[in-house]
Amino acid sequence: VPSYTANYAPPEVMTGKSIGPESDIFEAGALLYEMLTGTLPPNASARMFENPEAARWQPDGVAEPWRSLVTSALHLEPEK
């Protein structure tokens, strides 16, 4: 069973699916968002299953180019 911190973990880690570089990109995106704002984005589990509003989460209050970078890193679909 892989060990992970839920606030930074991508969906594929939380569900035990295959992981790869995209998993690291998701984790780095969560960390970058936290560094830019002082808060964590909603975790992947909340965005996927618990809160429909959280599924549409966007990094509001983050200026470009950081906003686009965080948005692309935190996709819930690893192939994106």
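Excluding ALA46 itself, calculate the net charge of residues whose Cβ lies under 13 Å from the Cβ of ALA46, where each Lys or Arg counts +1 and each Asp or Glu counts -1.
Here the charged neighbours net out to 0.
Rounded to the nearest 10 degrees, what's the angle between the helix 21-37 long axis and the longest principal axis of the chain, both from Cα atoms, 0 to 90?
40 degrees
How much length would be gained if the chain were fully extended between LYS80 and THR15, taking 0.36 nm per residue of separation minus their Cα-Cα distance, in nm to one decimal? Kindly include the intermediate steps, with their values, before the conclusion.
Numbers: separation 65, 0.36 × 65 = 23.40 nm, distance 1.75 nm.
Gain in length upon complete extension: 21.6 nm.
If you build the convex hull over the alpha carbons only and average its shadow over all orientations, what do you get for the chain? Give it in nm² to one decimal.
Averaged projected hull area, Cα only: 5.1 nm².
Around PRO11, what is the net charge, scoring Lys/Arg as +1 and Asp/Glu as -1 over all other residues with Cβ under 13 Å from its Cβ?
-3
Relative to the present Cα-Cα distance, how much length would full extension add between GLN58 and ALA6 at 0.36 nm per residue of separation?
Working: separation 52, 0.36 × 52 = 18.72 nm, distance 1.87 nm.
Gain on stretching GLN58 to ALA6: 16.8 nm.
Calculate the length of the line joining the C-alpha centroid of segment 56-78 to that of segment 27-46, in whole Å.
10 Å
Determine ³J(HN,Hα), in whole Hz, for all residues of segment 65-70 in sequence, where each value follows from phi through the Karplus function 6.51 cos²θ - 1.76 cosθ + 1.60 and θ = phi - 60°; x replaces Gly and Pro.
Residue by residue, segment 65-70 yields x, 5, 4, 5, 5, 5 Hz.
So if each residue of separation counts as 0.36 nm, and I subtract the Cα-Cα distance between THR39 and SER72, what length gain in nm does that give?
Value of the extension gain: 10.1 nm.
Just so you know, all these numbers are worked out from the coordinates, no wet-lab data involved. This structure is a prediction, so every number in the text was calculated from the model and none was measured. Positions of Cβ are backbone-derived with ideal geometry, glycine not excepted, and every protein chain shown enters the neighbour counts.
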